[in-house]
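Before any comments, here is the structure.
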């Protein structure tokens with residue numbers, strides 16, 4: 001869902017099934033921990049996240065087609081499913097409950113490693129929502145009706161030696177139900193198809209974007225109801241010297257869905273880092289946030 005600049009945190013939703021092979025490459029970078037959740041195997045997203053501020057009046061499924069029932073979750077080493085059933089009694093009923101849940105689905109200091117620190121400002125405006133306009137430029141608007149609460153938090157790896165500053169965003173969005181969170185992913189995929197080049201703000205762009213969605217059970221997706229990934233290049237055209245700008249850097253947004261919740265991690269690379277090095281932060285962040293979402297809303301085994 002692009003955007004690691006002023007409008008850099010987007011959220012996304014579920015159903016267009018394109019570019020699956022591309023996402024499989026992303027998921028190859030993950031392995032399962034003892035608890036059954038994906039972890040970095042030693043190897044990007046602002047996104048961060050943004051959906052459209054409006055939602056269909058009767059979103060039984062994206063695109064009007066019947067949404068397939070979840071595939072049978074595979075079991076982890078413990079024998080418990082990697083994606084447990086959602087306990088509807090635990091789902092937030094209003095904005096206040098959703099904001100409280102946001103406080104329990106978040107990365108703490110040091111969760112992404114000792115090199116990652118909080119940025120200033122650290123959190124997005126809770127009443128604003130990024131929107132990709134008709135000209136493929138990111139703007140902001142008030143929260144849409146299908147979002148109970150959302151929050152983006154900003155981290156970075158400081159520049160050091162011959163390495164530049166890496167920016168990392170995490171976004172958690174809470175909807176009323178699974179259908180609304182599914183629509184968020186579907187809109188994210190539509191945005192990539194509609195705008196493979198997107199302007200974050202003056203002098204900053206995302207280019208050559210491609211994305212893919214894998215439903216639970218498709219290819220290697222056994223960790224989330226819907227896995228969405230978007231990758232491309234981050235380009236700054238405001239630098240000094242010949243060409244007025246830095247060389248394009250790697251950009252990735254990775255998102256997962258569990259019931260009414262979507263979680264996402266986006267990363268904007270910097271000189272001195274390979275895509276493989278950056279991917280470990282994306283995998284680690286999405287893994288930790290998804291574990292927390294399942295702990296908060298999943299049915300207890302037994």
* To do: Considering (1) in contact with a helix residue (DSSP H, G or I) (Cβ under 9 Å, 6 or more places away or on another chain); (2) surrounded by fewer than 24 Cβ atoms within 10 Å (Cβ to Cβ); (3) farther than 25 Å from residue 261 by Cβ, say which one residue 219 fails and leave the rest.
  => (3)
* Structure fact -> Of the conditions (1) modelled with pLDDT of 95 or more; (2) touching a strand residue (DSSP E or B) at 6+ places or on another chain (Cβ under 7 Å), the single one that residue 135 does not satisfy is (2)
* Check residue 174 against each of (1) under 20 Å from residue 279 (Cβ atoms); (2) surrounded by 14 or more Cβ atoms within 10 Å (Cβ to Cβ) and name the one condition it does not meet. => (1)
* Asked: Is it the case that residue 258 is at pLDDT below 95, farther than 21 Å from residue 155 by Cβ and either crowded, with 17+ Cβ neighbours inside 10 Å or in contact with a strand residue (DSSP E or B) (Cβ under 8 Å, 6 or more places away or on another chain) (or both)?
  -> yes
* To do: Could you tell me whether the stretch 167-186 includes any residue that is in a loop (DSSP other than H, G, I, E, B), farther than 25 Å from residue 226 by Cβ and touching a strand residue (DSSP E or B) at 6+ places or on another chain (Cβ under 7 Å)?
  => no
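Let's see how each residue does on (1) assigned to a strand (DSSP E or B); (2) surrounded by fewer than 20 Cβ atoms within 10 Å (Cβ to Cβ); (3) at positive phi; (4) within 19 Å of the chain's Cα centre (by Cα):
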residue	(1), (2), (3), (4)
111	no, yes, no, yes
114	no, yes, no, no
120	yes, yes, no, no
125	no, yes, no, yes
130	yes, no, no, yes
152	yes, no, no, yes
* Can residue 161 be described as under 21 Å from residue 133 (Cβ atoms), modelled with pLDDT under 95 and out of contact with any helix residue (DSSP H, G or I) (no Cβ under 7 Å at 6 or more places or on another chain)? -> no
* Structure fact -> Filtering the stretch 76-100 down to residues that are surrounded by fewer than 16 Cβ atoms within 10 Å (Cβ to Cβ) and at pLDDT 50 or above yields 85, 87, 88, 89, 90, 93, 94, 95, 96, 97, 100
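The values are calculated or read from the model by the stated rules, or taken from the named source; none is laboratory data. What you see is a predicted model, and the numbers here were worked out from it, not measured in a lab. No Cβ is skipped: glycine too gets one built from the backbone with ideal geometry, and neighbour counts run over all protein chains shown.
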